[in-house]
Amino acid sequence: MTATPDVPVLHGYFRSTAAYRVRIALNLKQLAWRDAFHHLRHGEQRAPDYLRLNPQGLVPALEWNGAVLTQSLAICDYLDERIPAPPLLPADPVARAQVRAFAQVIACDTHPVQNLRVLQRLRAAGLDEAAVNAWAHDTIADGLAACDALIAGQAGPYCFGAQVSLADLCLVPQLVNARRFGVALAWPRLLAVEAACLALPAFADAAPERQPDAE
């Protein structure tokens, strides 16, 4: 990986799918980084020092060159603008919009509705564990079904053709979550994309089980 005078610091957690997206992007851009881990189930993301960096108390956050960046898609956009190759978005405006839409189905409409914070609120509202897990399961299944339909007419091996894009960075982590919640992955096209991505070191090295804080 390419060393930089000011090495980025990625605040994350091995199981965070949002942090997983950023790890893939950093790998694709061949950037070295340092990790700062925050155990979400222990509430470490709510520590005062971290809240000063990210007032939302969420991961990831990226510190680099005196700036603190939050929100995984915004971080990926920043990395793409700063280091254009390889691009995370296609050049064609329509294709760019399609990739962004796919990514947002996961990052805006699926993942946030089944993440730890939401599931904890469901438990606090009195739902039992079976109902909480069903909520996550159904949310993920609905999102992945939509994603499958969005790329039905696209060539492979990746979501949108022969070039890895932001769509792939969002899909692969979400499939990890799908398996955690027992979603039956009945979408051969999505699984084929996942296999193609995981054949790349940038994806394989970013996997949750390969992170130093993995349990």
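How much solvent-accessible surface does W135 expose, in Å² to the nearest 10, with a 1.4 Å probe and all protein chains in place?
100
Once you have a ≥ b ≥ c as the square roots of the Cα gyration tensor eigenvalues for region 127-191, tell me rounded if a/c is under 1.5, and otherwise prolate or oblate according to whether a/b is larger than b/c.
Prolate shape, in that a/c is at least 1.5 and a/b is the bigger ratio.
Quick check: Cα centre of region 1-73 to Cα centre of region 109-127, how many Å?
When both Cα centres are located, 22 Å separates them.
Taking 2.2 N^0.38 Å as the expected size of a compact globular protein, what ratio does the Cα radius of gyration of region 163-215 give against it, to two decimals?
Its radius of gyration relative to the 2.2 N^0.38 Å reference: 1.15.
Work out, step by step, the length gained on full extension between V176 and A195: first 0.36 nm times the residue separation, then minus their alpha carbon distance; give nm to one decimal.
Full extension from V176 to A195 adds 5.6 nm.
Using a 1.4 Å probe, what is the accessible area per residue for the chain, in Å²?
Accessible surface, normalised per residue, equals 46 Å².
Of the DSSP beta bridges with both residues in the chain, give the percent that are antiparallel, rounding to the nearest 5.
For the chain, the DSSP antiparallel bridge percentage is about 60.
Could you order peptides 25-35, 77-87 by the average number of other Cβ atoms within 10 Å of their residues, highest first?
Top to bottom by mean Cβ count within 10 Å: 25-35, 77-87.
Using alpha carbon coordinates only, what is the Rg to Rh ratio of the chain, with Rh defined as the Kirkwood radius?
Expressed as Rg/Rh, it is 0.95.
For region 1-107, I need the span (max minus min coordinate) of the C-alpha atoms along each principal axis, in Å, sorted largest to smallest.
Between the extreme Cα coordinates on each principal axis of region 1-107 lie 43, 34, 21 Å.
Ranking request for peptides 42-53, 12-23, 194-205, 171-182: highest mean number of other beta-carbon atoms within 10 Å first, then the rest in descending order.
12-23, 171-182, 194-205, 42-53
Averaging sequence separations of C-alpha pairs under 8 Å and six or more residues apart, then dividing by the length of the chain, give the relative contact order as a whole percent.
The normalised contact order for the chain reaches 23 percent.
The values are calculated or read from the model by the stated rules, or taken from the named source; none is laboratory data. Every value quoted in this text rests on a predicted model; they were computed, and no experiment measured them. When we count neighbours, we look across all protein chains shown, and the Cβ atoms used for this are built from the backbone with ideal geometry, even at glycine. SASA here: full protein model, heavy atoms, side chains in, ligands and nucleic acids out. Shrake-Rupley method; radii C 1.70, N 1.55, O 1.52, S 1.80 Å.
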